[in-house]
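Notes follow the structure.
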Amino acid sequence: MRSRSFWILLIFSGVVVFRFYDEYKKVQSETVQSWLKTPTADCAVVLTGGAGRVREGFDLLANQNVKKLIISGVYSNARLREIMPVWSFYGNLTENDVVLDRRSETTYGNAQQSLPIVEALKCRDILLVTSRLHMYRSYRTFRATFPENIYIQKHAIIGGRYESSVWETGFEALKSLFYSFWAY
C-alpha cells in the first residue's frame, strides 16, 4: 500500500511541476505589441496595480485610439483627478469618457466587473491594458469571462524592466496555474 501512495504522489507532483513549467514559459513569452503598432478599439480596460498602465490608458484616449476608458480596480474613495494628476495636460479629454471600477480587487474581479460596463458602453472590441508579466493570465481570464462577440486585443506595456526576475515570473506562473483550475 505504501508503494502505491508513493507512486501516486510522484505522478501528481510530476504533473504539477510540468503544469507550473508550462505556465512559466507562457507568462514569459508574452510580447509587447504597444511598441510595434497603434491599436484602436471602442474601449480600453486598464488593470491597475502597476506603473504606467493608467497613463497608457489616458494616452490611448487622448490620441483617440479608444472612445471610452475603463480603469478597473481603483480604490473605493479614489477620484479621477487623484488617479491622473496631470489631467490638465490632456486638454481634449472629458470625464464622461472615463469610467472607474471601484469594486475589483483581483484579476478575476477585473473581468467580472468590467463586462457589464463594456456592455453598457456598447463596446464591440477592447484593448486590455496591463503589464507584460500580467498579460497572459489577464487575457485568459477576460477571454473566459467575456462573450466571443467582444474582441479583446492585448496591449501589454512595460512598467519597469522588460525582463522580469525569475521570482516575479515564477509567482505570476503560480497565480496563473491557480487561475487555470477555476477561472479559465
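Summary table
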| read-out | value |
| --- | --- |
| Residue pairs meeting the criteria (Cβ under 6 Å; at least 6 apart or on separate chains; first touching a residue at least 60 places away in the same chain (Cβ under 8 Å), in the range 54-72; second surrounded by fewer than 16 Cβ atoms within 10 Å (Cβ to Cβ)) | Asn65/Thr40 |
| The range 100-126, residues that are within 18 Å of Gly52 (Cα to Cα) and touching a Lys or Arg at 6+ places or on another chain (Cβ under 8 Å) | Thr107 |
| Residue check, Asn149 open to solvent by 40 Å² or more (accessible area, probe 1.4 Å) and touching a residue at least 12 places away in the same chain (Cβ under 8 Å) | yes |
| Residues (farther than 14 Å from Glu30 by Cβ, without any contact (Cβ under 8 Å) to a residue 40 or more places away in the chain and not in a helix (DSSP H, G or I)) located in the range 162-184 | Ser165 |
| Gly73 among the small types (Gly, Ala, Ser) and closer than 13 Å to Ile157 by Cα | no |
| Any hit, the range 118-126, residues being outside any loop (DSSP other than H, G, I, E, B) and more than 23 Å from Arg102 (Cβ to Cβ) | yes |
| Residue satisfying all of: in the range 1-51; farther than 23 Å from Thr169 by Cβ and among the charged types (D, E, K, R); nearest to the chain's Cα centre (by Cα) among these | Asp42 |
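The values are calculated or read from the model by the stated rules, or taken from the named source; none is laboratory data. On a predicted model such as this, the values are computed, not experimentally measured, just so you know. FYI the Cβ positions are ideal-geometry reconstructions off the backbone, even for glycines, and counts take in every protein chain you see. Calculation scope for accessible area: heavy atoms of the full protein, side chains included, ligands and nucleic acids excluded. Shrake-Rupley method; radii C 1.70, N 1.55, O 1.52, S 1.80 Å.
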